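Chemist: Sharing a structure here in structure tokens format.
Just so you know, all these numbers are worked out from the coordinates, no wet-lab data involved. Note that the structure is a prediction, hence the values are computed from the model and not measured. Every residue, glycine as well, gets a Cβ built from its backbone with ideal geometry; the counts of neighbours run over all protein chains shown.
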Amino acid sequence: MSDDKTENLKKLPLDGWHRTQGGRMVPFAGYEMPVQYEGVMAEHLWTRENAGLFDVSHMGQLQLVGEGAAEALEAIVPGNISALAVGKIRYTLLLAQDGGILDDLMVTNTGRNLYLVVNGATKHDDIAYFEAQLPSGVTLSHLEDQALLALQGPKANEALSKLNISPMQPEWPLPTDLYFMEAGPFLWGDVPLGISRSGYTGEDGFEISVSAEHAEKLAAALCALEEVKPIGLGARDSLRLEAGLPLYGHDMNADILPVEANLNFALSKARREEGSFAGAARVLAQYPAQAEKKRIGLLINGRQPIREGAQVVDTDGQNIGAVTSGGFSPTLQKPIAMAYVPMNKAETGTEILVEQRGKQIICTVVDMPFVPHNYHRKPKL
């Protein structure tokens, strides 16, 4: 968790509700946030088997409006935003002018504007960068009065169907009819909701944008269902690690390029051919496999988890890389990690050494995700 000083921390709209539910609050991304309720292991396994409700209101919810907004955004992200259909979502990367990763984000074409979700710890820096780069006529708004809840797990769809949520227009789909990376505007009674079929746990699920004043009512209604329990940051982190999903500030930063981060899929073909995004020359010089290092998954020999900061070493004990995320996998019942290693050590099946507290531990490079994704994808025709 972060080193934020307690006196400077902000409170989530659901702060009091979390405490009533037994949430243990810790500093994270400038907020007091619930790390757990009944325990990380139990909450992790509950989400894998049922549905967990996460409060991710610390994330930055932004709105981009104006003629040419998609093209303006494409100047600093490598995603094909101009081709994004209404109701579709795209994962992309906010790139510095030298191609380093400033953040990762989700972009939704709502039909009226572009809706962006950026990381909580970087949102104010992101906003300043956007505003410095965007042309006149394109306006960025920070939706500070919106909360964001993530309902995740194999029973998320079943749970959401019980709330009698309706589409804004009768011809539009129900939220439970959405596929992965689709979104739309909905009504819960007279409460407007922005719902996307997305999340950062590897499970099926939804992210729900709701006004802060109605967030507690929605959270209480969801957690009153037998399928749903509130889940804290601890399980969110272990779930995203099992899913092989990088966390900004740990597995990515401004010194890392997209190919190094093993995020080639975020460099869309059309944008690679154009080469018109920030840092394109430097980024594309590494594509598809010319980087010197790469983010990989590790299966650890033994039961001792390896933590962020542990060093990858060669047979002579010289540092050649570093672990960026690590922990015990509740699903696999084994320790797992992500690390950056030289490209010649990145092949699946390669054994590498990690040094932690003076002890060398044998690890094996494995494919990610560690646990298969359970997204509700649209069938291919």
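Chemist: Under a Cβ-only charge scheme (Lys and Arg +1, Asp and Glu -1), can you give me the dipole magnitude of the chain about the Cα centre, in debye to the nearest 20?
Modeler: 720
Chemist: Would you mind working out the magnitude of the charge dipole of the range 292-366 relative to its Cα centre, with +1 at each Lys and Arg C-beta and -1 at each Asp and Glu C-beta, to the nearest 20 Debye?
Modeler: Dipole size: approximately 300 debye.
Chemist: Within the range 152-194, whose backbone N sits under 19 Å from a point 7 Å along Cα→Cβ of Glu49?
Modeler: Inside the label zone: 152-159.
Chemist: Could I ask something else about it? Under the 0.36 nm per residue contour assumption, what length would be gained going from the current alpha-carbon distance of Asp316 and Asn8 to full extension? Walk me through the numbers before you get to the answer.
Modeler: On the way: separation 308, 0.36 × 308 = 110.88 nm, distance 4.52 nm.
Extra length from Asp316 to Asn8 when fully extended: 106.4 nm.
Chemist: So, one more: What number comes out for the charge environment of Ser166, summing +1 per Lys or Arg and -1 per Asp or Glu over other residues with Cβ under 14 Å away?
Modeler: Charge balance in the 14 Å sphere: -2.
Chemist: So what is the calculated 222 nm ellipticity per residue for the chain, using -39500 (n - 2.57) for each DSSP H run with n of 4 or more, over all residues, to the nearest 500 deg cm²/dmol? Before the final figure, lay out the partial values.
Modeler: Values: 9 runs with 72 residues, N = 381.
Value at 222 nm, helices only: -5000 deg cm²/dmol.
Chemist: For the chain, set up a GNM with springs between Cα atoms under 10 Å and report which of Pro27, Pro78, Pro246 has the largest fluctuation.
Modeler: Pro27
Chemist: Do any of Lys88/Lys269; Lys217/Lys380; Lys11/Lys88; Lys162/Lys378; Lys162/Lys229; Lys123/Lys345 go past 27 Å between their Cα atoms, and which? Write out the running numbers ahead of the final one.
Modeler: Working: Lys88/Lys269 18 Å; Lys217/Lys380 38 Å; Lys11/Lys88 31 Å; Lys162/Lys378 22 Å; Lys162/Lys229 15 Å; Lys123/Lys345 34 Å.
Result: Lys217/Lys380; Lys11/Lys88; Lys123/Lys345 exceed 27 Å.
Chemist: By how many nm would the segment from Val191 to Asn113 lengthen if fully extended, with 0.36 nm per residue of separation less the alpha-carbon distance?
Modeler: On the way: separation 78, 0.36 × 78 = 28.08 nm, distance 2.01 nm.
Result for the pair: 26.1 nm of gain on full extension.
Chemist: Given just the C-alpha atoms of the range 292-366, how large is their convex hull per residue in cubic angstrom? Write out the running numbers ahead of the final one.
Modeler: Numbers: hull volume 5.8 nm³, N = 75.
Considering the Cα atoms of the range 292-366, their hull volume per residue is 77 Å³.
Chemist: Peptides 193-202, 357-366: what's the order by average Cβ count within 10 Å, highest mean first? The partial results should precede the final answer.
Modeler: On the way: 193-202: 23.9, 357-366: 14.3.
So the order, starting with the most tightly packed, is 193-202, 357-366.
Chemist: I've got another one for you. Compute the distribution of all C-alpha to C-alpha distances in the chain, in bins of 20 Å from 0, and list the percent of pairs in each, rounded to whole numbers.
Modeler: Spelled out bin by bin, the chain gives 28, 60, 13, 0 percent.
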